[in-house]
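*Asks:* Before I ask anything, here is the structure I am working with.
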Amino acid sequence: MGTMTFGRQNTVEEGVEQLNCAFDKYGVNFLDTAEMYPVPSTAESAGMTDRAVAAFLKSRKREDVILATKVSGTSDRINWLRGDDGTFCKLNKEQIKYSIEASLTRLETEFIDLLQIHWPDIAGLKILVWSHL
């Protein structure tokens, strides 16, 4: 179940209510979130979706829920996700580790079942393509 609206288009409480309904009534146990959610993403709202998921998880056995999240690729427009220094998001070891640790903290859990790349490092891909021409 996608959760990208929780905390912006839906309140955190409405998100928890929707998760409870999906889990209890329809058997949905796979949740998808991301460090930049809810959308549209802003510095003030980023991570609020994870707070809704965390509130939902408090009433569940963690092993009954499959939890996926995403680390964002390079973006010169979204520079608030990886600390307060205003550096651009990069898909490097340090920033991926920072993203995972921040997600675990927001989600109030000890593990994530699936980590995905939300979008690739486009600048890095361009260099890779040009180097192979």
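The values are calculated or read from the model by the stated rules, or taken from the named source; none is laboratory data. Being a predicted model, the structure only gives us computed values, none of them experimental. Neighbour counts are summed over all protein chains in view; Cβ atoms, including those assigned to glycine, are modelled from backbone coordinates with ideal geometry.
*Asks:* Within the range 110-125, work out how many residues are out of contact with any strand residue (DSSP E or B) (no Cβ under 7 Å at 6 or more places or on another chain) and either surrounded by fewer than 17 Cβ atoms within 10 Å (Cβ to Cβ) or modelled with pLDDT of 95 or more (or both).
*Replies:* Within the range 110-125, the subset out of contact with any strand residue (DSSP E or B) (no Cβ under 7 Å at 6 or more places or on another chain) is 110-111, 119-125.
Checking the rest, the ones that are also either surrounded by fewer than 17 Cβ atoms within 10 Å (Cβ to Cβ) or modelled with pLDDT of 95 or more (or both) come to 110-111, 119-120, 122-125.
The number of residues fulfilling the criteria is 8.
*Asks:* When you scan the range 14-21, do you find a residue that is surrounded by 14 or more Cβ atoms within 10 Å (Cβ to Cβ), out of contact with any Gly (no Cβ under 9 Å at 6 or more places or on another chain) and outside any helix (DSSP H, G or I), even just one?
*Replies:* Looking for residues that are surrounded by 14 or more Cβ atoms within 10 Å (Cβ to Cβ), out of contact with any Gly (no Cβ under 9 Å at 6 or more places or on another chain) and outside any helix (DSSP H, G or I), one finds none in the range 14-21, hence no.
*Asks:* Then there is this: Failed condition for Arg62, given (1) of a type outside the set (Ser, Thr, Tyr); (2) farther than 25 Å from Gln9 by Cβ; (3) at pLDDT below 95, with all others met?
*Replies:* (3)
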